[in-house]
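These notes concern the structure reproduced below.
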Amino acid sequence: MRPSGRNLSQMRPISIETGVMRHAEGSCLIRCGETHVLCTASIEETPPRFLKGTGLGWVTAEYGMLPRATNTRNRREAAQGKQSGRTQEIQRLIGRSLRAGVDRSALGERQITIDCDVIQADGGTRCASITGGWVALRLAVNKLLKAGAIVSDPIVDHVAAVSCGIYAGQPLLDLDYAEDSEAGTDGNFVMTGAGRLIEVQMSAEGATFSRGEMGQLLDLAEAGMAELVAAQKAALA
């Protein structure tokens with residue numbers, strides 16, 4: 001039995017509320033169980049310096065966690081004068097995951113920045129950020145299309161992410177913090193709506209895993225992805 005009482009292949013309840021930020025070109029609040037992330041998309045009409053003159057656009061991301069997103073207060077990274085290695089790793093993951101679903105030539109020489117702010121954490125914050133970040137990106141691109149700033153849709157597919165792991169010897173889908181903190185194997189799967197893999201992060205924590213177990217986790221991730229894409233579509237309908 002999972003600490004949450006869910007079945008081994010059961011996702012946490014997912015909800016995505018759009019249009020939650022007045023000024024952002026795209027925004028949503030994604031809730032995956034007790035993990036809540038505010039995602040916004042901001043359009044800049046100039047690309048990064050290294051892309052000037054190439055005709056290519058760019059999608060990047062920033063990630064942060066509010067001080068009381070967890071059960072104890074974390075110091076603001078701004079107060080420490082630098083971002084942690086974890087924060088930098090997560091925001092790079094979000095950026096490259098979302099770029100995998102974008103035709104950068106169709107986007108044109110502009111940059112879209114996705115800000116992911118965790119307001120409550122219970123495991124899977126990077127996965128929720130990618131899933132919600134894609135919705136914010138989709139909304140921002142819709143505005144560009146409506147304004148005639150671009151002529152073809154640069155978004156080629158949905159992008160979402162889910163965690164899977166082995167807890168108490170059993171493969172689980174969509175780990176919450178109680179499961180993630182005790183899992184013998186922990187993995188994050190980033191995929192397209194068509195089921196293509198973008199990135200897989202897997203590690204053993206005190207217990208190794210077999211190729212067969214990795215396959216079981218991938219099967220769970222594919223099932224979870226179908227639910228996440230359905231939630232994205234419902235939010236945008």
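Using alpha carbon centroids, what distance separates region 64-109 and region 160-224, in Å? For region 64-109 versus region 160-224, the Cα centre distance is 21 Å. Within region 7-45, which residues have the backbone N less than 16 Å from the label spot 7 Å out from A237 along Cα→beta-carbon, could you tell me? Label zone hits: 14-18. If the segment from A149 to T70 were pulled out straight at 0.36 nm per residue, it would be longer than the present Cα-Cα gap by 24.4 nm. Think of it as helices only: each DSSP H run of n ≥ 4 in the chain is worth -39500 (n - 2.57), and spread over all residues that comes to -10000 deg cm²/dmol at 222 nm. At an R0 of 25 angstrom, the distance between the Cβ atoms of A207 and S9 translates into a FRET efficiency of 0.75. Residues whose amide H lies under 5 Å from that of I198, counting only those 5 or more places away or on a different chain, are V190, M191, T192; hydrogens are built 1.01 Å from N in the peptide plane.
The calculated FRET efficiency for D157 paired with E182, based on their beta-carbon distance and R0 = 35 Å, is about 0.55. Between the beta carbons of A226 and A79, assuming R0 = 35 Å, the FRET efficiency works out to 0.25 to the nearest 0.05.
Across the chain, C-alpha contacts under 8 Å between residues 6 or more apart give a mean separation that, scaled by the residue count, equals a relative contact order of 22 percent.
Test of understanding: what is the full-extension gain from K52 to Q170, defined as 0.36 nm times their sequence separation minus their Cα-Cα distance?
Working it through step by step, the gained length comes to 37.5 nm.
Would you kindly calculate the translational diffusion coefficient of region 14-236, applying Stokes-Einstein with the Kirkwood radius from alpha carbon pairs, for 20 °C and a viscosity of 1.002 mPa s, and quote it in µm² s⁻¹ without decimals?
Roughly 120 µm²/s, to the nearest whole number.
Every read-out reported here was derived from the displayed coordinates using simple, explicitly stated rules and does not represent laboratory data. Quick caveat, the model's predicted, so the values are computed rather than measured. Quick reminder, even Gly has a Cβ in these numbers, built from the backbone with ideal geometry, and neighbours come from all protein chains shown.
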